[in-house]
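Structure first, commentary second.
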Amino acid sequence: NRRMCHTTAPGIACACGVSQHPAVYPSHTRKGVACPQGVAQPPAVSCAAGPSGSLPAGGSLNYLGPPFNEPDFNPPRLAWAERVPSATVDFDLWRGLTDNARLAANYRAYSRLLCYLRGLDGQAGTAELRHSLGHFCSSLQGLVVSIAGVMSSLGYPLPAGTAAAGPPAPAGAPASPNDFLKKMDDFWLLKELQTWLWRSAKDFNRLKKKVPPAVVTLRLEAQGF
Amino acid sequence: MWKNSSLCCVLALAILCLTSLICSQEIGSPGEPQNLKCIMHNLHKMICTWDVSSKGRYGQTDFCYTTREKRVEIPVSESSITVSITTNSIYGAAFGTKKFAIHKKDISFVPLTPHILSLTPDFSTSTLNLKWSDNGSVFPYGLDAFWQIEILRKETMEKVTQVTYHSKLTHENTILSWNWTSDMPLECTSHYAKIRCYINVTDFVGHKDWSDWSPVEKVLGKDTEPNGSGVFPQDTVVAVGSDVTICCVHAEDQQIKRMTYGPEIYPLIHLSSRSSAIRVINASASDTSGTNVVCTLSQDEMDGTVLFVGYAPDTPQNLSCETSNFLIIKCTWKPGRPSGLYGKRRTKYSLLERISGKNVSCEVNEMNRERVCGFPVLADQKTYSFTLGVSNPIGQTESSLLVDLTQRVHPKTPEKLTVSGNSSTNVHLHWYINGSFTEIRLLCQIEISSGHSEQKLHNVSMPGGKFSTYTAQLNALHPYTKYQFRVRCSAADHFWRWSDWSRVEEHTTLEAPPARGPDVWRERSPSGRSLKIFWKPLTLSEANGKIVSHEVSCYLLDTLLEYKEVTEPSNSTEIKLGKNDCVISIVAKNHAGSSPPSKITSVELPSDNVKTERAVALGNGIYISWSSYPNVTCGYIVKWCHSSGSEPCSVDWQKFPSNTTDAVMKSALFRPGVRYNFSLYGCKSSGYQLLKNITGYMKELPPKRAPNFTVEETSSDSILVKWEDIPVEDCQGFLEGYRLSFAKGEKDALKPRLSESGNPELKVKNITDLTKKSLRILDLQGKTSYQLDLQAYTAGGVSPPNSLYVVTKEDCKIKDTFYPEIPNPENSKALQFQKNICEGNKTLKTLEMNPCTPNSVEVVETQSAAPKIEDTEMMSPAADTTVPEDGSDSENENHVVVSYCPPIIEEEISNPSMDEPVGSSQVVYIDIQSMYQPQIKAEEEPEIDLVTTAGYKPQMQLPISALKIESRSATEEESDKTAGYRPQANTNAWNMDTPDSPGSVESSNENASFGSPCSINSRQFLIPPKDDEDSPKPTNTGWSFTHFFQNKPND
């Protein structure tokens, strides 16, 4: 990779605008937004099983500006971005995993994504955005806790080295050398987050069919939602 | 400088040297030197060079100095000198010698080539720094030096700029420095610099020239580095409107596909094989996250940078500083135009206090439109000189303010407001203000609100305390009142701003005894044996609490005759006094005590000749007046009664001082059109006396209805009408007269009201003598139908009319017609038509009966419009011009009088609601003849020539002129049904609704009348049955065919 590819700093100044400021991010009204709440409220889980194709964080990508918000924009995945847990595992392979393995992968991924998102707070350009980021992180935290709750209710152990209440912070995310590379990182973080949310929604729907909803529901409600 | 002593010494040496040289020179020999040129690089020596013309001969040239070069430095002489140059062979043989005369003007001055000490790039600012020495030590002080600098770019060393830099030589070697900011990032490609100089030696008479260019210094671009790449500049902030060059440096094996700035693709400017640029002109402000510049390369790689385009900070506006607690000074300002830069590039503020030298940086909330910065209050410092510094990457500005802090106090909102008090008029308020105000006095404002009175503000000044609770007492409050209090404070001596209001605290004062006794009146019962006592409830402000009862006592001198306690809400009571009199005392009581007593005597002094007068309506009241009565010493009382429906009227009264002689009585209960009766009593020392009665209206209205009236008598030229009184309730004002309008006319529901008909023969009689209850109308025409309208009027207007239709008697013998009973009417003796007054009639007469007073009655109801005031002339002014549309009232037309009918006038007046002034009843008196040409409503009457129908034809030509076509078919059907023998009349006009012919005629066709032989007393058939009377139908009521046969006389 070229020089610019070893950037590792989180830089999403925008992931949070998603659900809170539809007026600021007019293009964004999609499923990914509601998914964190969807897990907390089982009937809404299905919300993410809808159409795919457009970024759930499209509004945030708008914030990044062109060409990041263009549909066919596909920049090279840089070094730091490669550390973001990717949901681009082969579909058949993913389906072949056990519920436990998939839930654990979800849990690990969101824990890690949350870490990166939390690292963005100080870098968000405007106070509005920081406020939105905080709200989005809270939602995502809820999702992580919910997954832990579901795993617990199904008798699965939590992945080692993670805790439901607070995923570990990433070890020293170095700052990007420039703003453009930071935006590239943000882009990939958002994209992965979106892919994970879609995948999770499908997983939870599948799980809902297999597991008596009452068990999951009760358990989720017991988590305080 | 040539006069310099040391220089003179040098010149003397030179001359000496040259003199010795001259002795040794050899002139005219071969290989002699040629083209001697002398230049100076400094002012001490000149360098002379020459050529040797000998071909292939090389030797040594003798000068002063022996040199193997064709160049020699010799001291500068003061004046022209002659130089002899001898060229010797290496063996010492002289080839040639030549003499040159060197004049000062032949010597050139060319400074030494300057040398660049350094060329340093600052990539972040795209600035090059050039340093060189001016070599000034060899020149006298103060010479002007000019430095020409050239900047070159790219491998091809294209000249970018050339500038001339000026300096003064200081006779010392000085290092000069010059900065140049490139319009292109220095990383984009290599940049070069070179320099030369020109020294303006002012006294030098020879040729002065620029030095040679220095060797080129360079700063290499990233495109020269083996691994150099990137898009430049990186993360740069520029002002809106700037022109910006952005380049993309890439590897040798890559090509740039495109470069975009924001959403737009820009044309590439080639810089080198590894670098290209775009040029953005007049850049506009970026979005929040900056404007992306993306360089898309071959092999699906890309690179980019973010450009932040914004504004320099605006000068802060409305800078204002104040303290709310003497701990922190809060300065606020408006930031003005947003910079468009965020995050670490945002506008930053710092507050410098110049007197103390203390500086604080301000953390401002960008969400807030107004910026705020806190500065600590410093001990023993009253005056503060603030400078607010504002800066962002594009620029900086500042704003200043000098404040005396004691004049900028904006106290915090008072907290913990409590109200205490155990009194009906006093309370204590306590509140706390968070702050130290020991240096000032506070002015606090207490807002006092209650439902009963206007909001009041009470100011209280007090010394400021240190985080203190403050107390204020409020007096003169009203008892038993729920108050709302809130408080705010400011500095007392130098008002700056009020604090916000504290929260509202409620408090209800305690009760106090009622402030006064109730207003009392009394009335003897009609029997005189009991006394009814009335009192008015006290107002809230008088009651001072909740009134629970009234104590009523009756004293004869000091003897208590009767005592009653009347509990609320009753406001009257009755005392059995018999024939006695007493003084009544009434006391209102609440929980706190009793009011002072109100007293009134029961004595009613006898009155003689009490008159009743009329009051005048005045505005929304009723104006009454009276003359001053000498013995009235304790005022007047006007008493009246409000009646509401069936309930007994409620007594009301109003008291006036003795000197009053008039009043406008007002009450929310007064209604227009309602008569009020007032009684004026005088208060005398011995009792009350009824002085007079006054009756009046708040506003007079037109009477609700006209009087009922009847025709008493009819002759061939007169009609006597008689009317009844209108009940007072229907008058709605003082009745002023009656208006009787009459004109020829027959009943027609569609006709307008007589007074509005425009009838030219309309006559109006105005009866102002209200005692008159009848009127004879004279000079009428015989055998003519008249319409009479009677109206009553008040000052408020004219009532709706009551209408009658009357046909005057014939003044000759009249034949009447009837339908023959026999199939062939021509054979009937009854059909011996006579020539008579009716000859002119076009219609056929039927059966002649015995002559009698022709009359018949048809009663109809019509709706009439609201009346208008008529003139009182007997003849309508329009009489000459307007011709009645309905010719039926013409004398020579269709009035065929049935002679067998008694001269009885019947009327039926449907009683419209008294509340419907537009409605009236009309009583129509017609003769039988008119039945043949019934006053049918247009829509009911077919336009049909019945003569043309088959079978037996009616032996009358019906002059129906106002029939409507749409009714025709129905009528024709009707005609068909009755084909064959038919009564010789317009049967369509008859009501055939009999048991024998059910529903044969539409029920609305009730105007038709039919006469039958009958006793002269047998008029009852003319009266519609009760059922019909009660019919809700507003349409005309006539007689059914069967009435002729079924009704029996009942009188």
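The values are calculated or read from the model by the stated rules, or taken from the named source; none is laboratory data. Given the structure is predicted, the values throughout are model-derived calculations rather than measurements. In this analysis, Cβ positions are derived from the backbone assuming ideal geometry, glycine residues included, and neighbour counts consider all displayed protein chains. With ligands, DNA and RNA removed, areas are computed over all heavy atoms of the protein, side chains included. Shrake-Rupley method; radii C 1.70, N 1.55, O 1.52, S 1.80 Å.
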Looking at the range B:287-315, which of its residues are crowded, with 23+ Cβ neighbours inside 10 Å and over 21 Å from A:Pro75 (Cα atoms)?
B:Phe308, B:Val309, B:Gly310, B:Pro313
Residue that is touching a strand residue (DSSP E or B) at 6+ places or on another chain (Cβ under 7 Å), open to solvent by less than 40 Å² (accessible area, probe 1.4 Å) and closer than 23 Å to B:Ser275 by Cβ, where the choices are B:Thr127, B:Thr181
B:Thr127
So which residues in the range B:224-237 are of a type outside the set (D, E, K, R), under 20 Å from B:Thr127 (Cα atoms) and within 14 Å of chain A (Cβ to nearest Cβ), if there are any at all?
B:Gly228, B:Ser229, B:Gly230, B:Val231, B:Phe232, B:Pro233, B:Gln234, B:Thr236, B:Val237
Could you check the range B:250-275 and list, in sequence order, the residues that are in a strand (DSSP E or B), within 11 Å of chain A (Cβ to nearest Cβ) and either open to solvent by less than 60 Å² (accessible area, probe 1.4 Å) or aliphatic (A, V, I, L, M) (or both)?
B:Thr260, B:Tyr261, B:Ile265
What number of residues within the range B:290-302 are more than 56 Å from the chain's Cα centre (by Cα), at the interface with another protein chain (Cβ under 7 Å from one of its Cβ atoms) and either among the hydrophobic types (A, V, I, L, M, F, W, C) or within 12 Å of A:Pro67 (Cα to Cα) (or both)?
1
Residues that are surrounded by 14 or more Cβ atoms within 10 Å (Cβ to Cβ) and assigned to a helix (DSSP H, G or I): does the range B:544-566 have at least one?
no
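Taking helices (runs of 4 or more DSSP H) that fall entirely within the range A:90-189, which contain at least 1 residues that are at pLDDT below 85, over 30 Å from B:Thr296 (Cβ atoms) and within 14 Å of chain B (Cβ to nearest Cβ)?
Values: elements: A:91-96, A:99-118, A:127-153.
Output list reads A:127-153.
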Yes or no: the range B:656-674 includes at least one residue that is under 26 Å from B:Val552 (Cβ atoms), open to solvent by less than 70 Å² (accessible area, probe 1.4 Å) and part of a strand (DSSP E or B).
yes
Being modelled with pLDDT of 90 or more, more than 47 Å from the chain's Cα centre (by Cα) and among the hydroxyl-bearing types (Ser, Thr, Tyr) narrows it down to one of B:Ser685, B:Ser679, B:Ser646, so name that one.
B:Ser679
If you go through B:Val240, B:Val231, B:Val216, the only one that is crowded, with 20+ Cβ neighbours inside 10 Å and of a type in the set (Val, Ile, Thr) is B:Val231
Residues that are under 14 Å from B:Gly621 (Cα atoms) and not aromatic (Phe, Trp, Tyr): does the range B:648-658 have at least one?
yes
Can you work out which of the residues in the range B:370-402 that are hydrophobic (A, V, I, L, M, F, W, C) and within 41 Å of the chain's Cα centre (by Cα) is surrounded by the most Cβ atoms within 10 Å (Cβ to Cβ)?
B:Val390
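Among B:Lys154, B:Lys105, which is within 24 Å of B:Ile39 (Cβ to Cβ) and at pLDDT below 95? Spell out the reasoning first.
Numbers: B:Lys154 fails: within 24 Å of B:Ile39 (Cβ to Cβ).
Selected residue: B:Lys105, the only one of B:Lys154, B:Lys105 that is within 24 Å of B:Ile39 (Cβ to Cβ) and at pLDDT below 95.
Can you find even one residue in the range B:234-241 that is touching a Phe, Trp or Tyr at 6+ places or on another chain (Cβ under 9 Å) and more than 18 Å from A:Asn178 (Cβ to Cβ)? Steps first, please.
Within the range B:234-241, the subset touching a Phe, Trp or Tyr at 6+ places or on another chain (Cβ under 9 Å) is B:234-240.
Still in the running and more than 18 Å from A:Asn178 (Cβ to Cβ): B:239-240.
The answer is yes, given that some residue of the range B:234-241 is touching a Phe, Trp or Tyr at 6+ places or on another chain (Cβ under 9 Å) and more than 18 Å from A:Asn178 (Cβ to Cβ).
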Taking B:Ser502 as meeting all but one of (1) more than 30 Å from B:Glu439 (Cβ to Cβ); (2) surrounded by 14 or more Cβ atoms within 10 Å (Cβ to Cβ), write down the number of the exception.
(1)
Give the number of residues within the range B:505-517 that are in contact with a helix residue (DSSP H, G or I) (Cβ under 6 Å, 6 or more places away or on another chain) and crowded, with 18+ Cβ neighbours inside 10 Å.
1
For B:Val460, all conditions in the list (1) without any contact (Cβ under 8 Å) to a residue 24 or more places away in the chain; (2) in a loop (DSSP other than H, G, I, E, B); (3) buried (at least 18 other Cβ atoms within 10 Å of the Cβ) hold save one; what is the number of the exception?
(2)
Name every residue in the range B:306-334 that is basic (Lys, Arg) and over 25 Å from B:Asn434 (Cα atoms), in order of residue number.
B:Lys334
Report, by residue number, each residue of the range B:478-499 that is closer than 16 Å to B:Gly451 by Cβ, without any contact (Cβ under 8 Å) to a residue 60 or more places away in the chain and surrounded by fewer than 21 Cβ atoms within 10 Å (Cβ to Cβ).
B:Lys482, B:Gln484
Reported set for the range B:337-371 where residues are touching a residue at least 12 places away in the same chain (Cβ under 8 Å), of a type outside the set (Lys, Arg) and within 14 Å of chain A (Cβ to nearest Cβ) is B:Pro338, B:Ser339, B:Gly340, B:Leu341, B:Tyr342, B:Thr347, B:Val364, B:Glu366
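Looking at B:Gln407, B:Gln473, B:Gln455 in this structure, which one is over 35 Å from the mean Cα position of the chain (by Cα) and surrounded by fewer than 14 Cβ atoms within 10 Å (Cβ to Cβ)?
On the way: B:Gln407 fails: surrounded by fewer than 14 Cβ atoms within 10 Å (Cβ to Cβ); B:Gln455 fails: over 35 Å from the mean Cα position of the chain (by Cα).
After ruling out the rest, the residue left standing is B:Gln473.
Having 3 or more residues that are open to solvent by 50 Å² or more (accessible area, probe 1.4 Å) is the bar; report the strands (runs of 3 or more DSSP E) wholly within the range B:571-651 that clear it. First the steps, then the outcome.
Numbers: elements: B:572-576, B:583-590, B:598-601, B:611-614, B:616-618, B:621-625, B:636-642.
Passing ranges, in order: B:611-614.
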Among the residues of the range A:209-224, which ones are within 16 Å of A:Asn100 (Cβ to Cβ) and at pLDDT 60 or above?
A:Lys210, A:Val211
Looking only at the range B:130-142, which residues are open to solvent by 10 Å² or more (accessible area, probe 1.4 Å), in contact with a strand residue (DSSP E or B) (Cβ under 8 Å, 6 or more places away or on another chain) and not in a strand (DSSP E or B)?
B:Gly142
